[in-house]
1. Only helices (runs of 4 or more DSSP H) wholly contained in region A:54-169 count here; list those with 3 or more residues that are over 22 Å from the mean Cα position of the chain (by Cα).
2. Pairs please, first residue from region A:168-190 and within 9 Å of another protein chain (Cβ to nearest Cβ) and more than 20 Å from B:Val108 (Cβ to Cβ), second anywhere and modelled with pLDDT under 95 and open to solvent by less than 40 Å² (accessible area, probe 1.4 Å), Cβ atoms under 8 Å, 6+ apart in sequence or on different chains.
3. Only one of these is within 21 Å of A:Ala73 (Cα to Cα), more than 14 Å from chain B (Cβ to nearest Cβ) and touching a residue at least 40 places away in the same chain (Cβ under 8 Å): A:Leu224, A:Leu235. Name it.
4. On the given criteria, is B:Leu380 of a type in the set (A, V, I, L, M, F, W, C) and either assigned by TED's automatic domain parsing to the domain that holds B:Gly317 or touching a residue at least 24 places away in the same chain (Cβ under 8 Å) (or both)?
5. So how many residues does region B:370-399 have that are closer than 19 Å to B:Trp350 by Cα and of a type outside the set (Ser, Thr, Tyr)?
6. Identify the single condition in (1) over 25 Å from B:Ala314 (Cβ atoms); (2) of a type in the set (A, V, I, L, M, F, W, C); (3) more than 20 Å from the chain's Cα centre (by Cα) that B:Leu233 does not satisfy, given that it satisfies every other one.
7. With respect to B:Lys432, determine if the residue is in a helix (DSSP H, G or I) and either open to solvent by 10 Å² or more (accessible area, probe 1.4 Å) or on the phi > 0 side of the Ramachandran plot (or both).
8. Kindly indicate whether any position in region A:240-251 is farther than 23 Å from A:Ala4 by Cα and of a type in the set (Val, Ile, Thr).
Amino acid sequence: MFEAVLLTVITAATPLLIAAIGELVVERSGVLNLGVEGMMIMGAVVGFAVANQTGSGTLGVIAAIAAGMAMSALFGFLVLVLVTNQVATGLALTILGVGFSGLIGEAFIGIPGLRLPDLYIPVLSEIPFFGPVFFQQDALVYISFALVIAVAYFLFRTRLGLVLRSVGDNHGSAHALGYSVIRIRYAAVLFGGACAGLAGAYMSLAYTPQWVENMTAGRGWIALALVVFSSWLPLRVVIGAYLFGAVSVLNLHAQAVELDIPSQLLSSLPYLATILVLVLISANRRLTLVNTPACLGKPFVPDR
Amino acid sequence: MGDGVAETVTTTGDAGAGRQGRSGKDTLLDARGLTKRFGDILANDRVDLVINRGEIHALLGENGAGKSTLVKMFYGSLEPDGGEILWQGNRVDIGNPAAARDLGIGMVFQHFSLFEALSVVENIALALPNPGRMSELSNRIQTVSRDYGLPLNPEDIVADLPVGIRQRIEIVRCLLQEPQLIIMDEPTSVLTPQEADLLFLTLERLAKEGCAVLYISHRLEEVKRICHHATILRHGQVVRECDPTKETPASLASMMVGADVASVSASAQKPVIGEPRLALKNLSAKAATPFATALNNVSLDLRAGEVVAIAGVAGNGQGELFDAISGEMPVAADMVVLDGKPCGNRNITWRRRQNAAFVPEERLGHGAVPGMKLSQNIVLTRHSTGDKLVSAAFVSTANAGKMEQRIKKIYDVRMSHDDPEARSLSGGNLQKFVVGRELDRKPGVLIVNQPTWGVDAGAAALIRQALIDLARSGSAVLVISQDLDEIFEIADRIAVISRGYLSAAEPTDDMNRERVGLLMAGGAEAQGEVA
């Protein structure tokens with residue numbers, strides 16, 4: 001029973017984790033992209049369509065990443081080059097993604113999809129309990145963990161990561177020191193788009209291998225909340241994503257064991273948890289102060 | 001724009017002749033005819049400047065004279081519209097700051113360019129082309145900073161550090177780039193006299209080693225003391241070059257302004273000391289955030305007719321003291337007494353109604369809302385001081401507009417069009433406005449924090465004289481300042497704040513710079529603990 005619950009938690013948490021780690025990098029560079037939901041759903045529909053047409057899950061995943069990046073390239077052009085309002089542009093991106101994915105996906109509704117195969121890691125997958133839970137997953141679960149470690153290493157151990165954080169902290173100074181604020185932010189935005197697309201692919205190729213309109217169902221928004229929840233620290237995103245994954249599947253399992261709790265209350269749990277955690281985090285002002293990118297959401301126009 | 005002001009005799013042509021006389025084989029940087037235009041404004045108009053090796057070269061001028069624009073072109077963060085820059089005899093295009101650093105040009109910024117969320121070593125690594133391993137860089141920082149007498153701990157987070165240390169980071173960062181030319185923009189404005197002396201030693205040592213320094217400062221005393229040559233800009237043009245050691249601060253100031261600067265006279269008129277207006281009694285407050293300073297048993301009597309100044313290095317509790325007096329930080333009722341009424345727990349509006357007025361340090365953002373018009377900013381502090389700005393919850397834009405016109409006229413606030421947004425004013429003009437807004441009421445008690453921070457000589461003289469005039473008319477004035485020249489110029493009594501302790505206020509005649517410096521460096525604290 002516990003093993004089964006854990007398995008569903010992992011499936012629920014993975015798309016949140018992938019999308020949130022991408023957005024974390026974007027926000028660390030000082031850009032707020034509220035279009036995660038839109039990029040995710042485009043990734044989901046394009047990934048499903050390509051996998052369905054070609055019969056290759058790998059091509060589907062690659063196409064989903066490309067779709068997410070294309071969306072974020074549009075966003076980057078608008079907010080970084082044309083200096084539009086980031087909040088409004090991000091919201092527009094979500095609305096565009098949800099609408100456009102419905103159009104593309106029209107032809108794929110009700111068609112059974114392709115499921116990414118589980119990869120069994122030799123030896124490790126035979127360990128009782130831990131084996132099935134951690135080492136018999138599909139490739140994207142492993143990738144999600146690799147991404148977190150890579151991002152943490154990149155941000156805090158490499159020079160480019162330091163430059164990216166400096167751009168998010170004080171874009172004026174970074175510019176004065178000769179770093180290309182726009183180029184660095186563009187790269188971060190594209191990475192965020194790629195992650196959102198990948199998270200979308202997980203939804204339509206692993207979580208529920210089919211296309212249903214609006215199938216991301218607000219997960220992009222939860223990913224955004226997770227970035228704040230983690231106070232912009234990559235390893236905390238893991239905790240957050242798994243906590244939210246657990247709370248969201250609790251509903252299903254509670255119904256299965258016929259717990260006498262109203263299901264509305266259970267389905268509101270993830271959101272209540274978000275509010276609670278945000279309050280707890282803002283109590284530690286010093287930590288928040290040091291980790292919050294000070295230029296988050298502020299437009300940058302070099303004076304030249 | 002300087003209308004009605006008699007132009008000095010020198011012209012750009014003469015200055016150019018001086019330039020040619022100065023350039024030679026020791027010339028490091030030779031700027032010829034540099035021009036930069038922002039819209040309709042010529043920020044730099046055919047500026048010629050020669051900097052030689054081993055020279056501390058002062059760049060003087062009022063705010064808006066074009067100093068920052070000029071050095072930004074040397075540092076590659078602005079592109080010239082005309083003219084050329086020769087570096088060691090070769091024509092160069094300095095396209096960006098990295099190119100400037102590669103040439104050997106380093107810059108210490110006026111508004112710190114540090115990243116608050118990052119550590120000292122990370123901040124420095126960002127400015128170096130090849131920082132190497134962080135641990136090795138940390139060691140280098142420790143060695144170099146100790147060597148120059150500016151010790152730093154590489155692991156500290158900048159947000160935790162006081163302003164003086166932040167400037168050290170900027171300087172050490174610049175030194176690690178091993179520059180041949182260091183540009184310094186107002187470096188001493190945040191230092192104690194002793195710290196400034198240390199900086200001058202560092203600069204003299206660098207000059208001896210053959211490094212050139214381009215030194216921007218409003219403090220003409222120190223320019224005279226350490227600089228070998230001075231170039232004076234006015235309205236974007238070079239109006240004069242001179243040897244500052246042969247000039248007086250007053251003559252330098254008049255070259256900058258283009259007219260004699262009225263000297264401020266505190267001592268000319270002896271104060272008539274009246275009743276106590278403001279009393280602080282054992283004012284104590286815990287530090288509200290990890291970055292704040294606690295106040296410890298601060299006591300002070302401020303009487304009608306006098307100007308009392310509080311000296312101290314930035315970050316020693318000035319902001320907290322100001323907040324406690326103004327009411328932004330509530331304390332126990334009897335710790336702050338206004339005209340005999342305990343009010344430590346009252347809000348700022350209540351205190352304003354008691355005829356007190358407050359001018360905070362940060363003019364843009366705290367003293368004025370950047371995106372609001374000046375008349376709207378007037379309503380924000382004057383709404384309940386009996387000026388008919390608000391009646392039955394409605395704002396009288398007509399009355400606010402009239403008041404804006406009045407303040408603009410009396411305090412010489414210059415603006416490009418009528419009633420602009422606060423953010424469009426230059427620093428000096430906005431400061432004249434925020435001080436003028438409170439002076440306009442003739443308050444009984446005026447508390448002002450850093451009245452002339454980053455303000456040019458002409459505006460500073462105007463503000464200081466206005467503060468003295470207010471006191472002489474029977475009000476009590478408390479000035480919190482980090483500028484000792486200013487303090488000795490205007491104060492009747494001087495107290496010093498150090499780590500949240502305040503020394504006893506003593507008559508200016510009994511104080512000198514050395515004694516103030518010792519109190520700043522912890523003497524005030526010792527005195528406070530004994531008391």
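1. Working: elements: A:57-76, A:86-105, A:130-134, A:139-157, A:159-169.
Fully inside region A:54-169 and qualifying: A:130-134, A:159-169.
2. Pairs found: A:Gly168/A:Pro293; A:Gly168/A:Cys295.
3. It is A:Leu224.
4. Numbers: of a type in the set (A, V, I, L, M, F, W, C): yes; either assigned by TED's automatic domain parsing to the domain that holds B:Gly317 or touching a residue at least 24 places away in the same chain (Cβ under 8 Å) (or both): no.
No; evaluated as a whole, the condition is false for this residue.
5. 13
6. Failed condition: (3).
7. Taking the combined requirement at face value, the residue satisfies it.
8. Residues of region A:240-251 that are farther than 23 Å from A:Ala4 by Cα, as a first pass: none.
Scanning region A:240-251 turns up no residue that is farther than 23 Å from A:Ala4 by Cα and of a type in the set (Val, Ile, Thr).
The values are calculated or read from the model by the stated rules, or taken from the named source; none is laboratory data. Note that this is a predicted model, so its numbers are computed, not measured. Positions of Cβ are generated from backbone atoms using ideal geometry, with glycine treated the same way; all protein chains shown enter the neighbour counts. Accessible surface areas use protein heavy atoms only, side chains included; no ligands, DNA or RNA. Shrake-Rupley method; radii C 1.70, N 1.55, O 1.52, S 1.80 Å.
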